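This report refers to the structure that appears directly beneath it.
The values are calculated or read from the model by the stated rules, or taken from the named source; none is laboratory data. Because the structure is predicted, anything quoted here is derived from the model rather than measured. Backbone-built Cβ (ideal geometry, glycine too); neighbour counts: all protein chains shown.
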C-alpha cells in the first residue's frame with residue numbers, strides 16, 4: 001500500500017523523488033532513522049555516509065534524541081531536549097519531515113511517533129524505505145553530510161501518545177483499553193528467551209499479540225483492508241490502543257498502521273518489554289504460568 005498524497009503519514013518513493021526535485025520544497029527535510037537490533041554489528045550513521053537518499057540527515061534516537069538519565073534504551077527525551085536536537089537538524093514547526101530507514105520499515109516509525117508525541121503532525125514515513133528507493137533506481141548520495149543551518153523547533157508534549165509502566169499496569173483490566181504487543185509470537189508466548197539479558201519471557205495479562213511483520217510485505221504496509229481486519233480481530237474501534245514491543249521501536253509500526261486505518265487514541269508504552277520484563281513487580285504471563 002502506497003500513497004502519493006503530500007503531507008499524509010505514508011508517502012511513496014515517487015512522491016518523495018518529485019518533492020526533492022521541486023526547488024519549492026524548501027520546507028521538506030528527509031531523515032534517516034535507521035536503528036538495528038542489539039548485537040548487530042552495524043553503524044547506521046556510517047552507512048548513511050556510504051549511501052543515502054539525497055539531503056537526508058541522521059535522526060539519532062538512540063543517543064542524541066534519547067533520555068540521558070535511564071538504563072533503558074532510547075527512551076523518549078524531554079520536550080526541551082527534543083526541541084534542541086531537532087532544531088540542529090534544520091527542522092522548524094513548519095517543516096514537512098519525511099522519515100525512512102535502511103531496512104524498509106523497521107525503525108523509521110519510531111521517529112514518526114516521536115514527532116507526533118512532540119506535537120508535530122506534519123511528518124510522514126517513506127513506504128518501503130531505502131530499499132524501495134534503490135529498487136526504483138532513484139539517485140543516491142554518499143560522502144560526509146553537508147553542514148546544517150540550525151533553526152527553531154518548539155516541541156509540545158502530547159501526553160496521550162506515551163505511557164509509563166505504572167499507569168499501564170493500572171489499565172490492564174480496563175475494557176476501554178486494548179494492549180497490543182508487536183513482538184513475534186514465540187516471544188509473546190514466552191516459548192523463547194528474550195534477546196536482552198535479565199528479561200523475563202512472556203507478556204502482560206490481557207495483552208493481545210500482533211507481530212509487526214504481519215502488517216508488512218517486503219518493507220511496505222499490506223492493504224489497508226487487511227490491516228483493518230487484523231486490528232478488528234483484536235480490538236473494538238472505540239478502544240484506546242496501547243502498543244508495546246521489545247524496546248519501543250516496532251510498537252510504533254503498529255501505531256502507524258492503526259493511524260492509517262483511522263484509529264484515534266493511540267499510545268506507545270515507551271519502556272516496553274525491556275522495562276516490564278526486568279521489573280519483578282509487574283505481572284507476566286508465559287507458557288509456564
Report yes if some residue within the stretch 29-40 is touching a strand residue (DSSP E or B) at 6+ places or on another chain (Cβ under 6 Å) and farther than 23 Å from residue 84 by Cα; otherwise report no.
-> no
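Quick one: in the stretch 37-58, which of the residues that are without any contact (Cβ under 8 Å) to a residue 24 or more places away in the chain and assigned to a loop (DSSP other than H, G, I, E, B) is farthest from residue 116 (Cα to Cα)? Write out each step before concluding.
Just the residues of the stretch 37-58 that are without any contact (Cβ under 8 Å) to a residue 24 or more places away in the chain, to begin with: 40-43, 45-46.
Right, trim to assigned to a loop (DSSP other than H, G, I, E, B) and you get 40-43.
On the way: 40: 28, 41: 30, 42: 28, 43: 26 Å.
Filtering the stretch 37-58 for residues that are without any contact (Cβ under 8 Å) to a residue 24 or more places away in the chain and assigned to a loop (DSSP other than H, G, I, E, B), the one farthest from residue 116 (Cα to Cα) comes out as 41.
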Which residues, taken from the stretch 74-103, are on the phi < 0 side of the Ramachandran plot and within 16 Å of the chain's Cα centre (by Cα)?
-> 75, 76, 77, 82, 97, 98, 99, 100, 101, 102, 103
Please work out which one of (1) touching a helix residue (DSSP H, G or I) at 6+ places or on another chain (Cβ under 7 Å); (2) assigned to a helix (DSSP H, G or I); (3) surrounded by fewer than 17 Cβ atoms within 10 Å (Cβ to Cβ) is the condition residue 166 fails and give its number.
-> (1)
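Out of 247, 235, which single residue is in contact with a strand residue (DSSP E or B) (Cβ under 8 Å, 6 or more places away or on another chain) and over 27 Å from residue 14 (Cβ atoms)?
Values: 247 fails: in contact with a strand residue (DSSP E or B) (Cβ under 8 Å, 6 or more places away or on another chain).
Just a single option satisfies the conditions, and that option is 235.
Taking the stated definitions as given, is residue 71 loosely packed, with under 15 Cβ neighbours inside 10 Å and either more than 16 Å from the chain's Cα centre (by Cα) or within 25 Å of residue 14 (Cα to Cα) (or both)?
Working: loosely packed, with under 15 Cβ neighbours inside 10 Å: yes; either more than 16 Å from the chain's Cα centre (by Cα) or within 25 Å of residue 14 (Cα to Cα) (or both): yes.
Yes: the conditions hold for residue 71.
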Of everything in the stretch 146-163 that's buried (at least 16 other Cβ atoms within 10 Å of the Cβ) and over 19 Å from the mean Cα position of the chain (by Cα), which residue is nearest to residue 242 (Cα to Cα)?
-> 153
From (1) surrounded by 15 or more Cβ atoms within 10 Å (Cβ to Cβ); (2) within 16 Å of residue 283 (Cβ to Cβ); (3) in contact (Cβ under 8 Å) with a residue 24 or more places away in the chain, pick out the condition that doesn't hold for residue 205.
-> (1)
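Within the stretch 59-160, which helices (runs of 4 or more DSSP H) (wholly inside it) include 3 or more residues that are in contact with a strand residue (DSSP E or B) (Cβ under 9 Å, 6 or more places away or on another chain), within 30 Å of residue 199 (Cβ to Cβ) and in contact (Cβ under 8 Å) with a residue 24 or more places away in the chain? Break it down stepwise before answering.
On the way: elements: 79-88, 108-117, 129-135.
Hits in the stretch 59-160: 108-117.
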Determine, yes or no, whether residue 103 is in contact with a helix residue (DSSP H, G or I) (Cβ under 8 Å, 6 or more places away or on another chain), surrounded by 21 or more Cβ atoms within 10 Å (Cβ to Cβ), assigned by TED's automatic domain parsing to the domain that holds residue 31 and modelled with pLDDT of 95 or more.
-> no
